Each structure stands twice: as C-alpha cells, then as structure tokens.
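Scroll down for the structure; my scribbles are underneath it.
The values are calculated or read from the model by the stated rules, or taken from the named source; none is laboratory data. The shown structure was predicted, so the numbers you read here are calculated from the model rather than taken from an experiment. No Cβ is skipped: glycine too gets one built from the backbone with ideal geometry, and neighbour counts run over all protein chains shown. Side chains are part of the model used for accessible areas, which takes the heavy atoms of the whole protein and leaves out ligands, DNA and RNA. Shrake-Rupley method; radii C 1.70, N 1.55, O 1.52, S 1.80 Å.
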Amino acid sequence: MEQLTELRDTIVAEVTSASGLAALDEIRVSALGKKGRITALMKGLGSMDPEARKEAGQSLNALKEEIAQKIESRKISLESLEIESRINSERVDVSLPVRPESEGTLHPISQTIEEIVAIFGPMGFEVAEGPDIEDDFHNFTALNFPPDHPAREMHDTFFIPPQEDGARHLLRTHTSPVQIRVMQEHKPPIRILAPGRAYRCDYDITHTPMFHQVEGLVIDKSTHMGHLKGCLIEFANAYFEVDDPPVRFRPSYFPFTEPSAEMDIGCSRNNGELKIGAGADWLEILGCGMVHPSVIKACGLDPDVYQGFAFGMGVERVAMLKYGIPDLRTFFESDLRWLKHYGFSALDVPSLVGGLSP
Ligand code: PHE
C-alpha cells in the first residue's frame with residue numbers, strides 16, 4: 001500500500017511539472033504504457049493469493065484511473081497554454097501576397113441558360129421545372145403524338161422497364177412535357193420558360209444522349225402568331241448581340257403545334273469562320289408554333305377560350321453558335337482545359353450588351 005502511495009505521488013508530481021505535451025506523453029507511457037510502472041504492478045497481481053489480489057486489484061485500478069484523469073486534465077491545460085503562447089508570439093503579415101488559388105468557371109451551358117432567362121424574364125416569363133423521368137402521357141400522348149409516331153419507338157427514347165402496374169416511364173425526349181404540367185396546374189394567363197435536360201439515344205458530332213433545351217409557353221385568350229414572332233425576334237437580337245439580324249420562320253411540323261415553324265437566323269461562312277447576323281446562309285435555331293387545340297384540351301382547358309404559342313431551343317446549339325464551339329460532345333467530356341477556355345467567371349452577370357429594344 002505504502003509503495004502504491006509513493007508511486008502515485010511520484011507520478012502526480014511528474015504530471016504536474018510536465019513542461020509540454022511531448023514530455024507529458026512520455027510520462028503517460030512510462031506510467032500506463034505496456035511497460036509502464038503501473039502496468040508492471042498489474043502484471044504482478046497474477047501471483048498473489050485471491051484475497052490479496054482482490055484488494056490490490058481495486059487499488060491499482062483506482063490509481064490507474066486517477067492518473068489517467070490527471071494526465072488528461074494536464075493535457076488540456078498544456079494545450080491551451082500552447083495556443084496562448086502561439087497567439088502571443090505569432091504575427092499575421094497582412095502585407096504578404098495571397099497564395100494563388102485556382103478558380104472554377106461557369107459551364108457554358110449554365111451561362112447560356114442564364115442569358116436566355118435574363119432575356120425572357122423582363123418579357124414576363126417565369127422559370128418552371130418538370131421531372132427528367134416522365135411518363136408516356138406527359139412526354140407524348142398529351143402532346144398529341146399519334147400512337148404510332150416514330151419518336152415513341154425504342155431507337156429514339158430511353159424507356160425505363162415497366163412498373164408493376166404496367167406504367168412505362170422514360171427519360172423525357174424534350175422539355176415540352178413541362179408545358180403539360182404547367183397547364184394542368186395553373187390557370188392562364190401562363191408565361192413560362194422551362195430550362196432543363198432532355199435525352200435521346202443518339203451520339204455523334206451534333207448529338208449527345210443528354211442535352212439541354214429551353215422551352216417557352218404562353219397561354220391566354222388573345223395571343224397570336226405575331227406575338228410569337230415578336231418575342232423570338234427580340235430574343236435573337238438580345239442573345240446574339242447584333243442589331244436586327246435577319247431571321248425567317250420556315251413552315252415545319254410538330255404534333256403539338258399548329259401552325260409550326262422553325263426559326264432560322266442569317267449567317268455567313270468565310271473560310272470556315274461562322275458569322276451570325278449577316279450574310280446569305282441560314283442556321284436553324286429553334287422550333288416553335290401555336291399550341292395545338294388538342295394539347296390545350298388534354299390539359300383540361302377549353303381550346304375555344306384559350307390559345308397561345310410555344311417554342312423549344314437547344315441550349316448547346318445556341319451556345320455553340322454564339323461562342324464558336326465546334327463539337328457538341330466536348331460539352332460533356334469535363335476536360336479542364338476546355339472548361340477553362342470556354343467557361344465563364346462566376347461573377348459575370350448575364351450579358352445584355354445587345355440590349356432589349358425599348
Ligand atoms: N419539343 C420540340 C423538339 O424537341 C421543340 C418545340 C417546342 C417545337 C415547342 C415547338 C414548340 O424538337
């Protein structure tokens with residue numbers, strides 16, 4: 001017993017006077033470590049008779065715990081002493097140059113979507129969203145696709161294995177299903193812009209299985225084709241930052257619009273260099289049309305009361321035209337050199353340099 005008290009006093013004295021964290025750790029090892037003084041006494045218990053072992057065991061355990069606690073609390077105070085002495089001795093030199101840090105950039109897709117939203121926002125369009133995984137009704141049926149339309153077939157559409165109830169889900173092939181969702185949920189007047197991903201089973205220099213579109217929809221009682229043309233011409237002016245670029249609306253076909261058109265923008269090609277906004281050539285930039293009465297009806301609205309227009313443009317396509325990006329596939333290869341070259345500073349506000357005419 002006496003021997004124990006002596007050992008305790010020695011170790012406690014060592015702990016109290018430990019000069020730093022390293023010294024304290026040495027004391028811990030020499031007391032409680034594998035070959036430590038207390039550990040050695042523990043080992044001796046085995047050779048005692050049971051009565052004596054019980055008593056000695058209890059005292060040894062109590063000692064072990066006491067020492068461990070003392071070491072822990074000394075450690076805490078040594079740590080705060082150390083911090084305090086660092087605070088007192090170290091100085092921050094605010095005149096040092098900053099360390100160079102690499103900054104990320106905004107992907108051209110994000111930048112282009114922001115630009116498009118910034119142009120249509122002041123015309124009264126709000127942003128709407130819908131799911132990437134759609135059902136047949138929203139992606140096709142409500143949009144007036146005939147049952148045998150080729151876009152429903154496997155080679156174009158990514159179908160998801162049917163669910164237990166037989167419902168067939170798919171990755172939406174365009175952003176047009178958002179038109180349906182908005183018309184089902186909101187009463188006109190409606191003016192929305194729906195940016196998002198679309199999916200088609202295709203891969204070459206101008207197609208990737210995932211791409212982006214921005215859908216536009218206007219529904220009220222009196223919107224006509226003149227409004228459609230006005231909005232889209234205004235968009236082309238502002239987006240391409242050219243004054244009154246030549247545009248034309250070429251008759252086309254979509255099941256969900258009637259009449260339907262494709263909008264082309266005038267351009268010229270000189271020695272492979274593409275110039276938007278002048279010249280004898282034409283480039284298609286989007287699809288559009290007056291919303292088909294069957295679509296309005298499928299959403300529970302009366303087509304004799306409500307009408308309007310819709311358009312859909314490929315984000316990658318208009319980004320490639322504006323920023324001179326030649327290959328669509330590079331958008332999704334995550335090559336840092338490409339991202340640095342074509343990316344935008346996160347602090348850039350969408351450009352309206354071309355301006356919206358008053
Ligand atoms: N959804 C059509 C497409 O993906 C584009 C479009 C949208 C056409 C709205 C007309 C109206 O090609």
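Give me the percent of accessible area attributable to carbon and sulfur for the chain, probe 1.4 angstrom. Using a 1.4 Å probe with all protein chains present, the chain comes out at 54 percent carbon and sulfur.
Can you give me the Cα centroid spacing of segment 194-239 and segment 47-74 in angstrom? Each part reduced to its Cα centre gives a spacing of 79 Å. Going by accessible surface with a 1.4 Å probe and the largest first, V242, V29, V94 read V94, V29, V242.
Taking every protein chain into account, the accessible area of segment 215-297 amounts to 46 square angstrom per residue (probe 1.4 Å). Computed extension length for R329-F159: 58.9 nm, one decimal, from 0.36 nm per residue of separation with the Cα-Cα distance subtracted. Within the listed set L45, L232, L301, the residue fluctuating most in the Gaussian network model of the chain (springs between alpha-carbon atoms under 10 angstrom) is L45.
Under a Gaussian network description of the chain, with springs only between Cα atoms under 10 Å, the residue in E134, E316, E101 that fluctuates furthest is E101. Across all directions, the average flat footprint of the convex hull enclosing the Cα atoms of the chain is 35.2 nm². When both segment 1-45 and segment 285-322 are represented by their alpha-carbon centers, they are found 82 Å apart. Given +1 at the Cβ of Lys and Arg, -1 at the Cβ of Asp and Glu and no other charges, the dipole of segment 2-89 around its Cα centre is 320 debye to the nearest 20. What you get for the chain, charging only the Cβ of Lys and Arg (+1) and of Asp and Glu (-1), is a dipole of about 540 debye around the Cα centre. Here the spin labels are modelled as points 7 Å beyond Cα on the Cα-Cβ line, and at K187 and D304 they lie 1.9 nm apart. May I ask which residue of F145, M263, L336 lies farthest towards the positive end of the charge dipole of the chain, with charges of +1 (Lys, Arg) and -1 (Asp, Glu) on Cβ and the Cα centre as origin? Farthest along the dipole direction, towards plus: L336.
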